[in-house]
Amino acid sequence: MLGRNAGKFAVVALLSVPAVMSVYTARTRPPDPNLAQLPARPATTAQLLEAPPKLDAWINDHFGYRVELLKLNNRMRFKLFREFPTVQMAAGRHGRYFLAAHGTNMPPFQAVMAACGGTPARASTIPHLNRMFSAFHQAGLAPKLMVVPSAPVVYPEDVPRFLERACASPDTATAGVLASPQLEQPARENMYYPVREMREIKKSALLFPKTWFHWTGDGLDQVARASLTHFWQRPLDQAPVLATKKYMHHSDVSHLFDGVLLESEIIEPDLEASQVKGCWGGDCYPEIAEVAGKLRDISRFSNPRAPARRLLIISDSFGSKVSAWYARYYGTVEQFATNNADQLTPEQILTFTNYLYRDPGNTDILILYHDAGAMFDVLRFGTERLLPAPKA
């Protein structure tokens with residue numbers, strides 16, 4: 001009998017160690033208010049009926065070596081089945097992985113379908129685009145909007161097979177907005193959605209590392225050139241090519257799944273070798289220190305070998321990944337992600353917009369959001385408070 005049940009005894013023995021540790025820890029350490037508390041001994045029938053789920057919650061939060069066991073479970077599921085412990089991630093084909101949902105409360109593949117064909121943009125998108133361009137033009141400013149195709153659209157051959165047709169389809173939310181008769185001409189003329197260009201660029205250069213949600217790679221220089229040619233028809237070979245560097249880096253979405261390590265080779269500008277001064281983060285703008293400290297996802301570059309002109313990039317989180325590549329073509333590049341703009345007070349908004357829209361005669365304005373953000377209100381929420389006042 002002992003031999004026949006050896007496996008059962010081994011499992012019980014292994015689990016008894018963390019079980020004992022959880023009881024020991026609960027008695028020797030002060031209670032953590034962020035964790036479920038051990039229920040009191042039931043004194044009534046009602047309390048007895050309420051005790052099991054409370055006890056389950058306590059065990060889940062206090063089981064010994066809980067974090068280590070969760071990481072081990074995640075590693076085993078990934079190694080055996082290429083599964084992630086969250087709906088936010090999914091394995092594609094050819095070694096590529098995708099951010100599948102923008103939140104844990106979202107349906108499976110929500111983020112993929114927001115970029116791919118068959119999902120229309122939010123009803124609020126076109127009215128905001130019309131208002132946005134109208135407000136800028138009334139202020140005497142001429143911004144351009146680049147909607148960046150995200151990885152499922154650029155690499156439809158790598159998504160799970162049942163999604164390939166939708167992601168290869170030309171009928172994306174962005175394409176639908178650009179074709180809509182409700183989109184006013186000033187907005188349509190100043191938008192750029194380089195899906196065909198990026199599908200061609202990917203054949204010879206890196207645009208999205210296989211384990212990343214954001215874009216990064218030497219292909220971003222070609223996208224920057226394409227956008228400048230499309231919007232401003234400016235000569236692009238006046239400044240030297242930026243030197244680059246390659247290195248291995250963990251995935252930008254690795255915080256979503258403890259215990260699983262995903263890495264990719266990254267290609268970035270070597271700013272020091274290119275004689276470009278670069279800065280990322282809140283310390284880059286002492287002139288507006290309080291604003292910069294709240295925004296955080298911002299960057300700044302100075303290139304004395306580039307034409308003496310300023311590029312202002314208003315973006316989502318895709319902006320700080322491409323901003324350094326634009327430093328090849330501008331003496332000054334200033335990039336501000338608007339993800340935290342809702343934290344700014346009205347007084348700080350006024351300070352910020354005055355700083356953004358200074359020196360308009362020497363400034364090009366590029367608004368840059370990835371497709372899901374541009375079509376599903378991230379652009380609207382990020383820019384509606386930053387619209388300039390009409391020109392006096």
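The values are calculated or read from the model by the stated rules, or taken from the named source; none is laboratory data. On a predicted model such as this, the values are computed, not experimentally measured, just so you know. Ideal geometry is used to build each Cβ from the backbone, glycine not excepted, and the neighbour counts take in all protein chains shown. To get the accessible areas, we keep the full protein, side chains included, count just its heavy atoms, and leave off ligands, DNA and RNA. Shrake-Rupley method; radii C 1.70, N 1.55, O 1.52, S 1.80 Å.
Can you tell me which residue among Ser150, Ser134 is open to solvent by less than 20 Å² (accessible area, probe 1.4 Å) and at pLDDT 95 or above? Write out each step before concluding.
Numbers: Ser134 fails: open to solvent by less than 20 Å² (accessible area, probe 1.4 Å).
Answer to the selection: Ser150.
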Checked against (1) open to solvent by 20 Å² or more (accessible area, probe 1.4 Å); (2) modelled with pLDDT of 95 or more; (3) farther than 27 Å from Ile365 by Cβ, Leu256 satisfies every condition except (2)
By residue number, the members of region 345-392 that are aromatic (Phe, Trp, Tyr) and closer than 17 Å to His102 by Cα are Tyr369, Phe376, Phe381
Going through (1) exposed (fewer than 10 other Cβ atoms within 10 Å of the Cβ); (2) at pLDDT 90 or above one by one, Arg29 fails only at (2)
With criteria (1) under 18 Å from the mean Cα position of the chain (by Cα); (2) open to solvent by 10 Å² or more (accessible area, probe 1.4 Å), Gly217 comes up short on (2)
For Phe162, the lone unmet condition from (1) buried (at least 16 other Cβ atoms within 10 Å of the Cβ); (2) assigned to a helix (DSSP H, G or I); (3) among the aromatic types (Phe, Trp, Tyr) is (1)
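Quick grid of which residues meet (1) at pLDDT 95 or above; (2) outside any loop (DSSP other than H, G, I, E, B); (3) under 15 Å from His370 (Cβ atoms); (4) not hydroxyl-bearing (Ser, Thr, Tyr):
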{"site": "Gly118", "(1), (2), (3), (4)": "no, no, no, yes"}
{"site": "Gly140", "(1), (2), (3), (4)": "yes, no, no, yes"}
{"site": "Met146", "(1), (2), (3), (4)": "yes, yes, yes, yes"}
{"site": "Asp171", "(1), (2), (3), (4)": "yes, no, no, yes"}
{"site": "Gln182", "(1), (2), (3), (4)": "yes, no, no, yes"}
{"site": "Met198", "(1), (2), (3), (4)": "yes, yes, yes, yes"}
Within region 259-268, of all residues that are buried (at least 17 other Cβ atoms within 10 Å of the Cβ) and of a type outside the set (Val, Ile, Thr), the one farthest from Gly278 (Cα to Cα) is Gly259
Picking from Gly282, Gly259, the residue that is touching a helix residue (DSSP H, G or I) at 6+ places or on another chain (Cβ under 9 Å) and under 30 Å from Arg77 (Cα atoms) would be Gly259
Being touching a residue at least 24 places away in the same chain (Cβ under 8 Å), surrounded by 18 or more Cβ atoms within 10 Å (Cβ to Cβ), touching a strand residue (DSSP E or B) at 6+ places or on another chain (Cβ under 9 Å) and part of a loop (DSSP other than H, G, I, E, B) narrows Phe98, Phe84 down to just Phe84
The residue that is nearest to the chain's Cα centre (by Cα), considering only those in region 349-380 that are surrounded by 16 or more Cβ atoms within 10 Å (Cβ to Cβ) and without any contact (Cβ under 8 Å) to a residue 60 or more places away in the chain, is Gly373
Picking from Val241, Val322, the residue that is surrounded by fewer than 17 Cβ atoms within 10 Å (Cβ to Cβ), hydrophobic (A, V, I, L, M, F, W, C), in contact (Cβ under 8 Å) with a residue 40 or more places away in the chain and within 17 Å of Gly217 (Cα to Cα) would be Val241
Has region 56-77 got any residue that is free of Cβ contacts under 8 Å to residues at least 40 places away in the same chain and within 30 Å of Ala372 (Cβ to Cβ)? yes
Screening Leu242, Leu206, Leu256 for residues that are more than 20 Å from the chain's Cα centre (by Cα) and not β-branched (Val, Ile, Thr) leaves only Leu242
